[in-house]
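The values are calculated or read from the model by the stated rules, or taken from the named source; none is laboratory data. Keep in mind the model is a prediction, meaning the values are calculated, not measured. Here the Cβ positions follow ideal geometry from the backbone for every residue, glycine too, while neighbour counts run over all protein chains shown. Heads up: the accessible areas ignore ligands, DNA and RNA and are worked out on the full protein's heavy atoms, side chains in. Shrake-Rupley method; radii C 1.70, N 1.55, O 1.52, S 1.80 Å.
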Amino acid sequence: MAFTGKARVEGPPCSSQVDPLAALRAPDDPPWDVYLTGTVFLDIVFTGLGSAPVRGTESWARGMGSSPGGVANMATALARLGLRTSLAAAFGDDHYGEYCWDALEQGEGIDLSLSRTVPGWHSPVTVSMAYDGERTMVSHGHEPPPEEPAPDCPPRARAAVASLTPGRGAPWIAQAARKGTRVFGDVGWDDTGAWDLAALPDLRHCEAFLPNAEEAMRYTGTDCPRAAAHALTEHVPVAVVTLGAEGAYAVDRRTGETASVPAIEVEALDPTGAGDVFVAGFVTGSLAGWPLADRLAFAGLTAALSVQEFGGSLSAPGWTEIGAWWRRVRSVEGQDPSALGRYAFLAGLVSGELVRPWPLRRAVPTIGFRRSA
């Protein structure tokens, strides 16, 4: 799908300008739209590298930015889409931990009442080098505190995002599901090589499972991502398989819906966090009650907007970027009407006052500067 263009915003977004769940909210709702837990990293991103670092040489980057990473990528993406987000995480008691806490709580409006600062534990750090649309990452950190960052009893929330780990369950996931929380599960590469769905005990508590194509095919023993998606619905109601440059495919066993949405063609600068943004977009559409195809299209759009920026949480789009993109693509002559129609549902969400002059710019914060008095 040959939509192009970048949407960037000046300064960090303090709060969403759109509440996608406004029509559904009621006095007895859970206090949070989404709950999640995990490890927060400090991400340091070097940009403007001409090529990958070469052994035995020194490379100079034209730019550098820093931001909270790890689970903070997902939390930020959710918050910027207007979802009331609660994060339980451990933070180091160093300057990095203080910076990440402030950036998430004050900058993004994420609730950290279930998080804690751990004395004597320093923040994990990831250095990411972006070049030619790819990335190389180096991380450092000690073992996280022995106490589980997730509380024994997770808070009431409409949804939760859970990272499933082969061979290990997380008690909070089952507890959340019993409370009626809709659990959306993603997964990383299985380093054990077993690729056994039985080794994901918490999958049975999930409403949706969102692996990439390679993961989905390995877990199901199929040689086609679409066949893998259908096979996964034997284990979870909704299966969403991301196909990289080919878009995404989803199946909803309960409704019989299937959806295939091609990727939006963009200039990809840094894929860091794009998977998290995709999941955040799909969760947003699911909680809003959109049809499967709209949820899939919105997830793909938010991910496409994110890869046009450097960094993980820094690149997550908000409604300003989405509105600006929607106005831009409609103004370009020669667009495929059917392709535009796929995103027509955005018209009811973004209004004129959300759109700033095109193109927009995103400020990249960096730690280390003195705060002005």
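Out of curiosity, is L314 hydrophobic (A, V, I, L, M, F, W, C), modelled with pLDDT under 85 and crowded, with 24+ Cβ neighbours inside 10 Å? Criteria met by L314. Can you say whether E267 is under 30 Å from F41 (Cα atoms) and part of a loop (DSSP other than H, G, I, E, B), as far as the supplied structure shows? Here the answer is yes, as E267 does meet what is asked. The residues of region 321-339 that are farther than 30 Å from R253 by Cα and open to solvent by less than 10 Å² (accessible area, probe 1.4 Å), listed by number, are E321, G323, A324, W325, V329.
For region 243-264, the set of residues classified as part of a loop (DSSP other than H, G, I, E, B) and either more than 27 Å from A177 (Cβ to Cβ) or not small (G, A, S) (or both) consists of L243, G247, R253, R254, T255, E257, P262, A263, I264, listed by residue number. The set of residues in region 72-98 being open to solvent by 50 Å² or more (accessible area, probe 1.4 Å) and either closer than 30 Å to D29 by Cβ or touching a residue at least 24 places away in the same chain (Cβ under 8 Å) (or both) consists of R84, D93, H95, Y96.
Is it true that some residue in region 103-114 is open to solvent by 50 Å² or more (accessible area, probe 1.4 Å), within 30 Å of A52 (Cα to Cα), touching a strand residue (DSSP E or B) at 6+ places or on another chain (Cβ under 9 Å) and of a type outside the set (F, W, Y)? Scanning region 103-114 turns up no residue that is open to solvent by 50 Å² or more (accessible area, probe 1.4 Å), within 30 Å of A52 (Cα to Cα), touching a strand residue (DSSP E or B) at 6+ places or on another chain (Cβ under 9 Å) and of a type outside the set (F, W, Y). Figure legend. Inter-residue proximity from region 197-223: first residues at positive phi and small (G, A, S), second residues surrounded by fewer than 21 Cβ atoms within 10 Å (Cβ to Cβ) and not in a helix (DSSP H, G or I), beta-carbon distance below 9 Å, spacing 6+ or different chains. Indicated pairs: G221/W195.
Does region 257-269 include one or more residues that are of a type in the set (V, I, T), within 20 Å of G289 (Cα to Cα), modelled with pLDDT under 95 and surrounded by 20 or more Cβ atoms within 10 Å (Cβ to Cβ)? Scanning region 257-269, I find at least one residue that is of a type in the set (V, I, T), within 20 Å of G289 (Cα to Cα), modelled with pLDDT under 95 and surrounded by 20 or more Cβ atoms within 10 Å (Cβ to Cβ), so the answer is yes. Taking interchain pairs and intrachain pairs at least six residues apart, which have beta carbon atoms under 8 angstrom, with the first residue in region 293-305 and in contact (Cβ under 8 Å) with a residue 60 or more places away in the chain and open to solvent by 20 Å² or more (accessible area, probe 1.4 Å) and the second assigned to a helix (DSSP H, G or I) and aliphatic (A, V, I, L, M)? Here the result reads none, with nothing in region 293-305 linked to a residue that is assigned to a helix (DSSP H, G or I) and aliphatic (A, V, I, L, M).
Can you work out which of the residues in region 53-91 that are within 22 Å of S306 (Cβ to Cβ) and part of a loop (DSSP other than H, G, I, E, B) is modelled with the lowest pLDDT? So, considering only residues that are within 22 Å of S306 (Cβ to Cβ) and part of a loop (DSSP other than H, G, I, E, B), the one modelled with the lowest pLDDT is R62.
Take the residues of region 42-68 that are under 21 Å from the mean Cα position of the chain (by Cα) and among the polar types (S, T, N, Q): which is most open to solvent (accessible area, probe 1.4 Å)? Break it down stepwise before answering.
First, pick out the residues of region 42-68 that are under 21 Å from the mean Cα position of the chain (by Cα): 42-47, 65-68.
Adding the requirement that they be among the polar types (S, T, N, Q) leaves 47, 66-67.
Working: T47: 23, S66: 2, S67: 3 Å².
Taking the candidates together, the pick is T47.
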